[in-house]
1. Can you compute the FRET efficiency between residue 92 and residue 161 using 1/(1 + (r/R0)^6), with r the Cβ-Cβ distance and R0 = 22 Å? Round to the nearest 0.05.
2. So which of 60/202; 60/138; 63/89 end up more than 28 Å apart, counting from Cα to Cα?
3. Given 10 °C and 1.306 mPa s, compute D for the stretch 48-274 with the Stokes-Einstein relation, Rh being the Kirkwood radius over Cα pairs; round to the nearest whole µm²/s.
4. Out of the stretch 24-113, which trypsin sites (Lys or Arg not before Pro) are coil in DSSP terms and have no more than 12 other C-beta atoms within 10 Å?
5. At 7 Å along the Cα-to-beta-carbon direction for both residue 170 and residue 139, put a label point, then send me their distance in nm to one decimal.
6. Projected area of the stretch 114-161, taken from the Cα convex hull and averaged over every viewing direction, in nm²?
7. Which listed residue (185, 168, 56) has the Cα farthest towards the positive end of the charge dipole for the stretch 48-274, taking +1 on Lys and Arg C-beta and -1 on Asp and Glu C-beta about the Cα centre?
Amino acid sequence: KIASCKMQIANCNLYCFNFSDVAKSYNIFFFAYVKLFEEERKILLNCFFVIRIDGCDFKKFIKLHNYEKPNDIRGLQLMNACAINVLNKFNEIDLSFGHSDEYSFLFRKNTKLWNRRQDKILTNVVSYFTSSFLFKWKTFFPDQELLYPPNFDARLIIYPSEKEVIDYFSWRQADCHINTQYNECFWNLVLKKNYTHEEAYKFLLTTQTKEKNELLFTEFNINYNNIPIIFRRGTIIIRNKMYKKNKSHNMDNNKQTNAITDAITDHTTQLTTII
Ligand SMILES: Nc1nc2c(ncn2[C@@H]2O[C@H](COP(=O)(O)OP(=O)(O)OP(=O)(O)O)[C@@H](O)[C@H]2O)c(=O)[nH]1
Ligand SMILES: [Mg+2]
């Protein structure tokens with residue numbers, strides 16, 4: 001492929017002298033060699049893969065669009081609606097998990113979608129999520145004008161077995177819990193005790209989980225465990241209509257995904273929808 005590419009580049013150099021003539025002729029074959037530079041990456045066969053999308057500079061987006069602090073249920077419901085849209089569009093995603101400005105989508109091991117072309121799958125998922133976000137904005141924020149178009153980044157991570165997939169989602173769930181606990185403390189210090197952002201940040205720098213819970217309880221009369229589970233643990237959306245927690249899945253083609261879902265929902269995550 002490379003040799004043929006080089007040959008065509010050499011040929012192209014020869015033709016450079018007559019470039020305008022060639023261009024005039026609109027002969028596509030003179031230019032088509034540039035396609036050879038394109039790379040087509042395929043996702044490793046027989047592996048799970050996760051696509052994680054994340055809002056770009058959402059700290060700014062959330063501030064400008066007057067999200068409630070520390071958590072805005074409208075924002076999470078909008079993200080969940082976009083994720084359901086994605087699951088409805090791409091039927092080889094079996095499970096997804098989201099919190100804050102991020103969502104992760106788990107594709108099944110034997111996905112055949114677009115012959116497992118990585119760029120095609122990744123870009124379509126993130127662009128569909130983003131267009132859904134714009135499309136559904138007014139439903140969840142009827143009184144807030146969308147001031148500029150938000151964008152999301154995306155990455156695709158390949159996992160060879162159920163263990164890594166379960167650990168991946170456990171990691172994102174732990175991240176959700178740590179961020180929620182931190183933000184709850186931070187915004188209560190700022191809004192109710194008039195700390196500056198920097199003071200609140202410095203105050204929380206050395207506190208551990210237990211101390212944060214005590215702070216919330218003693219200073220603000222907040223029992224962390226009473227904060228809605230959607231904020232503390234995020235949201236899971238699963239596809240399988242037949243799915244029943246902790247039941248055997250003999251009738252099911254997707255035993256692996258069900259095992260993963262069982263393991264993840266054991267963390268008492270908010271399970272929003274089974275579609
Ligand atoms: N007030 C408020 N903030 C939120 C809410 N959900 C997410 N955030 C904030 O959104 C930000 C998301 O974190 P990041 O993704 O690390 O930050 P980012 O600004 O998007 O930066 P990049 O992802 O690196 O581009 C954090 O600052 C969260 O506190 C919400 O419901 N209310
Ligand atoms: Mg972000």
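1. Working: r = 18 Å, r/R0 = 0.83.
Approximately 0.75, to the nearest 0.05.
2. Flagged as over cut-off: 63/89.
3. Approximately 84 µm²/s, per Stokes-Einstein.
4. Loop-located and lightly packed - 41, 112.
5. So the label points at residue 170 and residue 139 sit 3.5 nm apart.
6. Across all orientations, the stretch 114-161 yields a mean hull projection of 4.8 nm².
7. Comparing the listed Cα positions along the dipole, 168 ranks first.
Every number here is computed from the coordinates shown, using simple stated rules; none is lab data. Computed from a predicted model, the values in this text were never measured in an experiment. For neighbour counting, all protein chains shown are included, and Cβ atoms are generated from backbone atoms with ideal geometry for every residue, glycine included.
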